[in-house]
1. Report the gain in length on full extension from residue 140 to residue 45: 0.36 nm times residue separation, minus Cα-Cα distance, nm rounded to one decimal.
2. Rounded to the nearest 5, what % of the DSSP beta bridges within the chain are antiparallel ones?
3. Report the label-to-label distance for residue 115 and residue 74 in nanometres (one decimal), using points 7 Å from each Cα along the Cα→Cβ vector.
4. When only C-alpha pairs under 8 Å and at least 6 residues apart count, what is the relative contact order of the range 6-142, in percent?
5. Report Rg (one decimal) and Dmax (nearest whole number) for the chain, counting Cα atoms only, units Å.
6. Whole Å is fine, so just give me how far the alpha carbon centre of the range 4-33 lies from that of the range 69-104.
7. Who wins for biggest fluctuation among 29, 121, 72 in a Gaussian network model of the chain, springs between alpha carbons below 10 Å?
8. For the range 74-143, what log10 I(q)/I(0) values come out of the Debye formula at q = 0.24 1/Å, with one point per alpha carbon and no solvent?
């Protein structure tokens with residue numbers, strides 16, 4: 001994971017001073033609220049729209065902000081590979097939203113707009129994603 005670029009950013013929580021963070025790109029993607037759509041990792045062009053946005057403070061919801069940047073196809077390919085092979089348990093201590101590992105679905109890669117991509121992806125994956133969360137919650141409650 002050390003081969004990935006490091007990102008400096010701030011975590012925002014409601015009514016709490018922002019927390020300065022620095023993590024590699026893999027951890028960073030799990031620390032951004034709503035980076036994926038219903039558990040699906042975005043394609044490069046959508047990921048770059050998110051990275052170039054610089055994030056949001058979140059208002060009453062959690063947020064994250066950073067200096068806008070974009071990644072290359074090579075960096076995205078390296079990141080995607082690590083998303084697929086890195087156990088979520090090794091990311092959880094460092095990222096707020098590392099509950100379940102991201103999955104991939106290239107069926108929506110043709111959609112260029114971030115919001116449209118998220119809507120279409122969630123239309124397909126929302127129910128399965130919620131079932132995974134329910135299962136995870138049951139496991140945690142029985143432990």
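Throughout, read-outs are computed from the coordinates displayed, never taken from laboratory work. All values reported here derive from a predicted model rather than from experimental measurement. Cβ sites come from the backbone with ideal geometry, for glycine too, and all protein chains shown count toward neighbours.
1. Stretched out fully, the residue 140 to residue 45 stretch lengthens by 30.7 nm.
2. Close to 95 percent.
3. 3.6
4. RCO, the range 6-142: 29 percent.
5. For the chain, the Cα radius of gyration and maximum Cα-Cα distance read 15.0, 43 Å.
6. First find each Cα centre; the distance between them is then 14 Å.
7. The residue with the greatest mean-square fluctuation here is 72.
8. So the normalised log intensities are -1.24.
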